[in-house]
Amino acid sequence: MPDHTLHRLWWAACLPLVLTACATQAPPPQVDAPTPTAWQAPLPHQGSVQALGDWWAQWGDPLLVELVQDAQALSPDLAQAQSRIVQARAALTGSRAALTPSVDAQASASRGFNESVRAVASTAQAGLQAQWEIDLWGGNAAAERAASERLQGAQAQWHAARVSVAAEVALQYSSLRTCLQQQAIAEDDERSRAQTARLSQQSERAGFTAPATHALAQASAAEAVVRSAQQRMQCALELKALVALTGRDEATLRTRLAPTPLQPPTDALLRIATLPAQVIAQRPDVYAAEREVAAASADVGQAQAQRYPRLALSGTIGAAQVRTQGLQTDLNTWSLGPLALSLPLLEGGRRAAQEDAARARYDETVALYRARVRLAVSEVEQALVRLDASVGRTASAQAAAEGYRTAFRATEARWRAGLASQLELEDARRTALAADQSLALLAHERAGAWVALYRAAGGGWQAPVAITTAQH
């Protein structure tokens with residue numbers, strides 16, 4: 001049969017396979033994850049956009065910036081994220097290697113009876129063996145795309161871990177500062193009640209105060225001692241929790257803490273984009289979920305390619321030397337081939353099941369991606385609501401605390417003049433104390449709302465490329 005006839009038969013036999021290969025590379029449909037067209041929560045600062053990268057430095061507390069850096073250097077979550085980047089990079093290197101030929105070197109030496117020369121001889125051999133699986137259906141290319149997408153996702157998750165650690169440290173630091181502020185309030189209250197008890201004791205000895213009234217003053221002073229001791233214990237626990245996060249020396253950290261409370265950032269420091277989609281672009285976890293969708297899509301292509309014939313080409317180059325009885329013989333060989341074609345025939349549906357599993361994993365990643373987008377929008381909405389509520393209550397809480405303090409001072413002056421009872425004094429004191437503590441807690445709540453908004457908005461992270469709709 002003529003050679004050109006053989007070539008035509010060969011291409012006719014391969015044509016269905018080539019068409020099938022083109023079908024596996026068809027563009028996948030888009031995955032949409034709709035977001036609201038506008039926020040349903042009140043926006044601070046008229047909804048303008050501002051980068052958040054240097055946000056912690058703008059709080060005006062250098063110690064907070066140092067603690068965030070220390071915690072990030074020490075965090076096991078960041079170490080795990082960094083390890084996953086290294087693993088993803090190694091997987092990408094391996095998948096890229098599958099697209100290129102592999103070459104192995106071999107060498108051997110022996111001495112013994114050689115059948116070809118029928119005598120004892122020394123034989124030395126060296127050679128190169130190459131093998132290349134031709135990526136007919138794009139399976140290896142799909143594996144490389146999946147590894148590349150997962151590497152980008154791992155890098156984004158590392159940024160997400162940084163944002164999470166920074167937010168955790170800021171919340172713990174704010175909690176400690178608030179606790180110290182409440183401790184100062186409790187200690188002032190303890191001194192005030194102790195002074196009242198001393199005056200009551202003197203008045204009782206002079207016969208101007210009933211024993212029951214003096215007993216009430218003593219009980220109030222004892223209650224203040226208990227409250228102050230409990231607050232000191234709570235602050236010690238908060239300090240130890242911050243030490244565990246940052247690895248700082250406890251004694252050194254205690255001396256660095258100023259008695260003044262942590263001040264939340266001013267209104268000009270954090271701005272939120274008008275459209276939810278713009279904020280979603282700043283979420284590294286959403287970006288990572290999108291990359292996982294793309295990787296799962298490539299996994300489907302790889303599993304699909306495994307169901308079709310595989311074509312591999314091999315070749316060798318070798319040199320041999322035989323020495324016997326003073327004579328030397330050199331042999332050089334090379335070969336190209338065989339060109340091996342393997343067709344899956346009977347494998348019990350294993351490859352089809354692998355493709356079904358890959359498609360199921362893709363459907364799962366799509367559902368997780370859409371859920372992540374909805375969660376991101378919800379977290380920003382909730383943070384905006386909490387921030388708006390805390391800011392709106394601050395002025396009223398400050399006015400209430402100042403009014404109750406004024407009322408307490410007036411009641412105390414009347415009590416000293418004998419115009420108010422001990423019960424009136426203690427009631428005014430409890431009200432003023434509760435208002436001061438509520439004001440401190442509200443400041444912590446507002447700082448927590450800022451931190452939650454920082455975290456929900458992605459901490460100022462930006463994707464390395466423009467966010468595109470995930471595909472399969």
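Readers should treat all values here as calculations from the given coordinates under stated rules, not as data from a laboratory. What you are looking at is a predicted structure, and each value in this text was computed from that prediction instead of being measured. Positions of Cβ are generated from backbone atoms using ideal geometry, with glycine treated the same way; all protein chains shown enter the neighbour counts.
Sorting 82-89, 167-174 by their mean Cβ neighbour count within 10 Å, with the most densely packed peptide first, gives 167-174, 82-89.
Shown here is the pair-distance distribution of the range 320-472: with all Cα-Cα distances grouped in 10 Å bins from zero up to the longest one, the shares run 8, 15, 13, 12, 11, 10, 8, 7, 5, 4, 3, 2, 1, 0 percent. 3J(HN,Hα) along the range 65-79: 4, 5, 5, 4, 5, 4, 5, 5, 6, 9, 5, x, 5, 5, 4 Hz, from the Karplus curve 6.51 cos²θ - 1.76 cosθ + 1.60 with θ = phi - 60°, whole Hz, x for Gly and Pro. Translational diffusion of the range 89-228 was estimated from the Stokes-Einstein equation, with Rh taken as the Kirkwood radius over Cα pairs; at 37 °C and 0.692 mPa s the coefficient is 135 µm²/s. Summarising the amide proton neighbourhood of Ala420: residues at separation of 5 or more, or on other chains, whose placed amide H is nearer than 5 Å comprise Trp415. Using only alpha-carbon positions in the range 279-399, the gyration tensor eigenvalues give semi-axes of 64, 24, 9 Å once each is multiplied by 5 and square-rooted (largest first).
Amide H contacts of Thr209 (H built 1.01 Å from N, in plane; Pro and chain starts excluded): Glu204 sit under 5 Å, all sequence-distant by 5 or more or on other chains. Phi angles of the range 384-394 translate, via the Karplus equation with coefficients 6.51, -1.76, 1.60 and θ = phi - 60°, into HN-Hα couplings of 5, 5, 5, 5, 4, 5, 5, 5, x, 8, 4 Hz per residue; Gly and Pro are given as x. Let a ≥ b ≥ c be the square roots of the eigenvalues of the Cα gyration tensor of the range 283-322; is it rounded (a/c under 1.5), or, if not, prolate (a/b larger than b/c) or oblate? The shape class here is oblate. Spatially, the range 348-404 and the range 147-169 are offset by 16 Å when compared through their Cα centroids. Computed from phi, the 3J(HN,Hα) profile of the range 355-362 under the Karplus parametrisation 6.51, -1.76, 1.60 (θ = phi - 60°) reads 5, 4, 5, 5, 5, 5, 5, 4 Hz, with x in place of Gly and Pro. Seen from all directions on average, the range 190-262 presents a Cα convex hull projection of 6.2 nm². Each principal axis of the Cα cloud of the range 283-353 was taken in turn, and the coordinate range along them, longest first, works out to 75, 39, 17 Å.
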